[in-house]
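Everything on this sheet refers to the single structure shown next.
The values are calculated or read from the model by the stated rules, or taken from the named source; none is laboratory data. For clarity, every value in this text was computed on a predicted model and none was experimentally measured. Glycine gets a Cβ as well: all are built from the backbone with ideal geometry, and neighbour counts include every protein chain shown. Only protein heavy atoms, including side chains, enter the accessible area calculation; ligands, DNA and RNA are left aside. Shrake-Rupley method; radii C 1.70, N 1.55, O 1.52, S 1.80 Å.
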Amino acid sequence: MTYGYCRCSTNETKQDINRQKRELITMGATADTIYMEYESGTKQNRPELLKMLAAIKEGDTIVTTEISRITRSTKQLCDIIELIQQRRVCLIIKNSVTIDCSKGEIDPMTKAFLQMAGVFAELERGMICDRVKSGLANARAKGKQLGRPTLTIEGVPAKVKTNFDRYRNGELSKTEYAKICDISRPTLDKYIAIMTDK
């Protein structure tokens, strides 16, 4: 059986994982045998990766679009190589390398190549982190406020302000108040807290 693994670091609203899925299908995986998740490549306990590694049996094949999708940790990559060797599984990285461990062996050159690819994936991750930290430090130095802006009374919608006295006098329940203002209860709670403190 051919299993596919795809991963993005952030959720589906920020990164589209479908390109990876399409490529995995062209490599022999099916919609039912593709494991996908939104997790950091440096994270050890990724549920979908662990499920796939638990499912593979002798003679199976794992396909992925690039080594950094499986892991950005050299140590974890070495552990995965050892596992596929023990299970006698084939690992195919698109347009890169095929590691056929069906005989329980892996040639030293292929293993070294794969480990070097893992080192570069880890290096790339480290460089991305450094660039993000540098950018944040630069923004702070320029006086930019980072994170979510602090909500003030000026940011409370007019409809919420208009109906506040009706809610406070008991004419409206919190559920009715939220419905009239077309907002969720948690959002309404934030607005009420601001108007109560003003």
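Observations, loosely collected:
- Members of the stretch 40-69 that are over 18 Å from residue 85 (Cα atoms) and either acidic (Asp, Glu) or without any contact (Cβ under 8 Å) to a residue 60 or more places away in the chain (or both): 40, 43, 44, 45, 46, 47, 48, 65, 66, 68
- None of 43, 21, 51 is open to solvent by 50 Å² or more (accessible area, probe 1.4 Å) and part of a loop (DSSP other than H, G, I, E, B) except 43.
- Contacts under 9 angstrom Cβ, first residue in the stretch 170-184 being free of Cβ contacts under 8 Å to residues at least 40 places away in the same chain, partner part of a loop (DSSP other than H, G, I, E, B) and open to solvent by 60 Å² or more (accessible area, probe 1.4 Å), 6 or more apart: none
- Taken together, the criteria place residue 37 among residues that are open to solvent by less than 50 Å² (accessible area, probe 1.4 Å), part of a strand (DSSP E or B) and modelled with pLDDT of 80 or more.
- The stretch 70-84, residues that are outside any loop (DSSP other than H, G, I, E, B) and either free of Cβ contacts under 8 Å to residues at least 60 places away in the same chain or farther than 25 Å from residue 19 by Cβ (or both): 74, 75, 76, 77, 78, 79, 80, 81, 82, 83, 84
- Within the stretch 156-185, being open to solvent by less than 40 Å² (accessible area, probe 1.4 Å) and part of a helix (DSSP H, G or I) holds for 160, 163, 164, 177, 178, 181.
- If you go through the stretch 106-120 and keep only what is open to solvent by less than 90 Å² (accessible area, probe 1.4 Å), among the aliphatic types (A, V, I, L, M) and at pLDDT 70 or above, you end up with 106, 112, 119.
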